[in-house]
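**Student:** I'd like to ask some things about the structure below.
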Amino acid sequence: MKHFEQSQLLNKLPKQFFASLVKKVGEVVAQGHDVINLGQGNPDQPTPDHIVKSLQDAAGNPSHHKYSPFQGHSFFKEAISTFYKREYDVDINPDTEVAILFGGKAGLVEIPQCLLNEGDTVLVPDPGYPDYWSGVALAKAKMEYMPLKEVYHFLPNYEAINPEILADAKLMFLNYPNNPTGAVANSDFFRKTVELANQHDICVVHDFAYGAIGFDGKKPLSFLQTPGAKDVGIEIYTLSKTFNMAGWRVGFAVGNESVIKAINLLQDHMYVSIFGAIQEAAATALLDPQSCVDDLVELYEERRNILVQGLHEIGWEVTSPMGSFFAWLKVPDGFTSEQFADKLLYEAHVVVAPGIGFGSYGEGYVRVGLLTSTDRLKEAVRRIRELKIF
Ligand SMILES: Cc1ncc(COP(=O)(O)O)c(C=O)c1O
């Protein structure tokens, strides 16, 4: 059989750090151990019944068996606009300020290709969600990292960025509630972001994947609630986390008209649009009463409290996340994040994600997902206690 070399572009893609973790975990599972996997970001709860029912009903509609309209159905874009008005009091024009996405990941990877030319500079958070790097590589652009440090509540310190880098930067990725740190943003930070973006002509992409998940009664802010935000950027929303629809692949971008237009143009050449029945069910999710979302946040908050309390009881001084479904835990002295994750995997059969996989400023931490039952979280804490590290 002939072997076809892959393109130079594909060779430029960043290495998938977590592939090696998945392999190690697979080996431990294959040995027959009862592994508690807190290393992934896959929601464990099912999609609420009324959304599934909406898909079931819509799937029989022959009009959805044809191609969906390019750029998506207007009923879905109108539902998105209603959702943003109701949840955030933000006005979104459904015709010009919405792009429908095959999940948030697709949009995040497309955006650099929509706006950048070879060699352009992008500001990315470190630690951060690795898909930002993939999009930047596909656009042959250059990354500059913005460290997220605990002293600054895991927000980038714009004053510390080299002015030459700011002058070159064309795009910036932000993500609050944050994966992996569990931090949330405040309005003052978003105001500074708009100011910086205006000053340096930077397009801001706020990844709002965990927008629904804020703890202690605090609803996370949408970037678009900031005065002037739409002038300088967009927000990417996904139904994956809010409605446990990760497998459905549906999300959207809202905000700056020129950016939305560029995303739609690229997508016109790559796809038609999402299956119409999925768009109908997604509209149901956005428009129907949101008690399923309240229940989900309550569930994650209960898990967070049990995990954090349990870890405190065994002497691990950890900070409680304020949003997302991740806890970002400081690794004890004497270990790198990978060594510590390996110790937990091999000796306690508990999987956590080593912080270094999210960037160099992730070193010294591990990420724990709140994506299993409280009993399993308690069992994970019990196993960690038995290692007698703390
Ligand atoms: C920070 C962040 N952004 C975006 C996504 C993408 O989600 P999806 O592609 O399912 O919409 C994820 C998923 O894990 C995420 O953690």
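The values are calculated or read from the model by the stated rules, or taken from the named source; none is laboratory data. As the structure is a prediction and not an experimental result, all values here were calculated from the model. Positions of Cβ are generated from backbone atoms using ideal geometry, with glycine treated the same way; all protein chains shown enter the neighbour counts. Only protein heavy atoms, including side chains, enter the accessible area calculation; ligands, DNA and RNA are left aside. Shrake-Rupley method; radii C 1.70, N 1.55, O 1.52, S 1.80 Å.
**Student:** Count the net charge of all other residues whose Cβ sits under 12 Å from the Cβ of THR319, scoring Lys and Arg as +1 and Asp and Glu as -1. Don't skip to the answer; put the middle values down first.
**Tutor:** On the way: positive: ARG304, LYS330; negative: GLU150, GLU317.
Charge balance in the 12 Å sphere: 0.
**Student:** Normalized C-alpha radius of gyration of the range 114-172, against 2.2 N^0.38 Å?
**Tutor:** Working: Rg = 11.7 Å, N = 59, 2.2 N^0.38 = 10.4 Å.
That ratio works out to 1.13.
**Student:** What translational diffusion coefficient, in µm²/s and rounded to a whole number, does the Stokes-Einstein relation yield for the range 226-370 at 37 °C and a viscosity of 0.692 mPa s, taking the hydrodynamic radius as the Kirkwood radius over Cα pairs? All intermediate terms of the calculation are to be shown ahead of the outcome.
**Tutor:** Working: Rh = 18.6 Å.
D = 177 µm²/s.
**Student:** Find out how many positive minus negative residues lie around GLY182, taking Lys and Arg as positive, Asp and Glu as negative, among other residues whose Cβ is under 14 Å from that of GLY182. Show your work: numbers first, answer last.
**Tutor:** Numbers: positive: LYS218, LYS241, ARG303, ARG304, LYS330, ARG367; negative: GLU150, ASP216, GLU301.
Net of charged neighbours comes to +3.
**Student:** Suppose each label sits 7 Å from its Cα in the direction of the beta carbon; what would the MET270-ARG191 distance come out to in nanometres?
**Tutor:** Result: 3.7 nm between the two label points.
**Student:** If one computes the Cα centroid of the range 251-265 and of the range 33-67, what distance in Å separates the two points?
**Tutor:** Going from one Cα centre to the other spans 25 Å.
**Student:** Rg to Rh ratio, the range 336-390, alpha-carbon atoms and Kirkwood radius?
**Tutor:** Working: Rg = 11.4 Å, Rh = 11.6 Å.
Rg/Rh: 0.98.
**Student:** Given N residues in the range 159-239, what is Rg(Cα) / (2.2 N^0.38 Å)?
**Tutor:** Values: Rg = 12.8 Å, N = 81, 2.2 N^0.38 = 11.7 Å.
So the range 159-239 has a normalised radius of gyration of 1.10.
**Student:** If you don't mind, another one. Once the whole set of protein chains is in place, how much accessible area is left on MET270, using a 1.4 Å probe, in Å² to the nearest 10?
**Tutor:** Number for this one is 110 Å².
**Student:** Shifting gears a bit: Choose one answer from LEU370, LEU221, LEU344: the residue with the largest mean-square fluctuation in a GNM of the chain with alpha-carbon springs under 10 Å.
**Tutor:** LEU344
**Student:** Turning to a different aspect of this structure: Which of the chymotrypsin sites (Phe, Trp or Tyr not before Pro) found in the range 64-171 are loop residues per DSSP with 11 or fewer other Cβ atoms within 10 Å of their Cβ?
**Tutor:** Numbers: sites: TYR67, PHE70, PHE75, PHE76, PHE83, TYR84, TYR88, PHE102, TYR132, TRP133, TYR145, TYR152, PHE154, TYR158; in loops: TYR67, PHE70, PHE102, PHE154.
Of the chymotrypsin sites (Phe, Trp or Tyr not before Pro), the ones in loops of the range 64-171 whose Cβ has at most 11 other Cβ atoms within 10 Å are TYR67, PHE70.
**Student:** Which whole-percent values make up P(r) of the range 1-90 when all C-alpha to C-alpha distances are grouped in 10 Å steps starting at zero?
**Tutor:** Pair shares across the bins are 11, 18, 21, 29, 20, 1.
**Student:** Work out, step by step, the length gained on full extension between THR336 and GLU317: first 0.36 nm times the residue separation, then minus their alpha carbon distance; give nm to one decimal.
**Tutor:** Numbers: separation 19, 0.36 × 19 = 6.84 nm, distance 1.70 nm.
Computed gain between THR336 and GLU317 is 5.1 nm.
**Student:** Could you please tell me the mean projected area of the C-alpha convex hull for the range 271-337, averaged over all directions and given in square nanometres to one decimal?
**Tutor:** Details: hull surface 31.3 nm².
The Cα convex hull of the range 271-337, projected and averaged over all directions, gives 7.8 nm².
**Student:** Turning to a different aspect of this structure: Please give the solvent-accessible surface of VAL151 in Å², to the nearest 10, using a probe radius of 1.4 Å with every protein chain present.
**Tutor:** 110 Å²
**Student:** Place +1 on the Cβ of every Lys and Arg and -1 on the Cβ of every Asp and Glu in the range 150-289, take the dipole about the Cα centre, and give the residue among ASN244, LEU265, ILE165 whose Cα lies farthest towards its positive end.
**Tutor:** ASN244
**Student:** May I pose another question? Are there any trypsin sites (Lys or Arg not before Pro) in the range 1-76 that are in a DSSP loop and have at most 14 other Cβ atoms within 10 Å? List them by number. Each step should come with its number before you reach the end.
**Tutor:** Details: sites: LYS2, LYS12, LYS15, LYS23, LYS24, LYS53, LYS66; in loops: LYS2, LYS12, LYS15, LYS66.
Taking the range 1-76 and a limit of 14 other Cβ atoms within 10 Å, the loop trypsin sites (Lys or Arg not before Pro) found are LYS2, LYS12, LYS15, LYS66.
**Student:** Report the local net charge at TYR158: Lys and Arg +1, Asp and Glu -1, summed over other residues whose C-beta lies under 10 Å from its C-beta.
**Tutor:** Summing Lys and Arg as +1 and Asp and Glu as -1 gives -1.
**Student:** Rounded to the nearest 0.05, what FRET efficiency do VAL52 and ASN305 have when you use their Cβ-Cβ distance and R0 = 25 Å? Please report the intermediate quantities before stating the final value.
**Tutor:** Values: r = 29 Å, r/R0 = 1.17.
Using R0 = 25 Å, I get an efficiency of 0.30.
**Student:** Quickly work out the GLU347-to-ASP34 label distance, labels modelled 7 Å from Cα along the C-beta direction, and quote it in nm with one decimal.
**Tutor:** It works out to 2.1 nm between the two label points.
**Student:** Continuing with this model, one more query. Compute the whole-percent fraction of alpha carbon pairs in the range 207-262 spaced more than 16 Å apart. Working shown, then result.
**Tutor:** Values: 755 of 1540 pairs.
Tail of P(r) above 16 Å: 49 percent of Cα pairs.
**Student:** Roughly speaking, what is the stretch gain from HIS65 to LEU13, that is 0.36 nm per residue apart minus the C-alpha to C-alpha distance, in nm to one decimal? Show your work: numbers first, answer last.
**Tutor:** Values: separation 52, 0.36 × 52 = 18.72 nm, distance 3.55 nm.
So the extension gain works out to 15.2 nm.
**Student:** Return P(r) of the range 1-157 (all Cα-Cα pairs; 5 Å bins starting at 0; whole %; ordered from short to long distances).
**Tutor:** That works out to 1, 6, 9, 11, 13, 16, 16, 14, 9, 4, 1, 0, in percent per bin.
**Student:** Out of every Cα pair in the chain, what percent are spaced more than 34 Å from each other? Show your work: numbers first, answer last.
**Tutor:** Values: 22723 of 75855 pairs.
The calculated P(r) of the chain puts 30 percent of pairs beyond 34 Å.
**Student:** How large are Rg and Dmax for the range 243-285 when only the alpha carbon atoms are used, in Å?
**Tutor:** Spelled out, the Cα radius of gyration and Dmax of the range 243-285 are 11.9, 30 Å.
**Student:** Need one number: the % of Cα-Cα pairs in the range 202-297 sitting beyond the 16 Å mark.
**Tutor:** Working: 2860 of 4560 pairs.
Of the Cα pairs, 63 percent sit more than 16 Å apart.
**Student:** Taking 7 Å along the Cα-to-C-beta vector as the label spot, tell me the VAL22-GLU5 distance in nanometres, rounded to one decimal.
**Tutor:** Each label point lies 7 Å from its Cα, and together they span 2.7 nm.
**Student:** Given +1 on the Cβ of Lys and Arg, -1 on the Cβ of Asp and Glu, and no further charges, what dipole in debye does the chain carry about its Cα centre, rounded to the nearest 20? Numbers along the way, then the final one.
**Tutor:** Values: 34 positive and 48 negative charges, 161 e Å.
With only Lys, Arg, Asp and Glu charged at Cβ, the dipole is about 780 debye.
**Student:** State log₁₀ I(q)/I(0) for the range 61-131 at q = 0.11, 0.13, 0.23 Å⁻¹ as given by the Debye formula over alpha-carbon point scatterers of equal weight, solvent excluded.
**Tutor:** Debye curve over Cα of the range 61-131, log10 I(q)/I(0) at q = 0.11, 0.13, 0.23 Å⁻¹: -0.43, -0.58, -1.10.
**Student:** Given a 1.4 angstrom probe, what's the average accessible area per residue across the chain, in square angstrom?
**Tutor:** With all protein chains present, the chain gives 45 Å² per residue.
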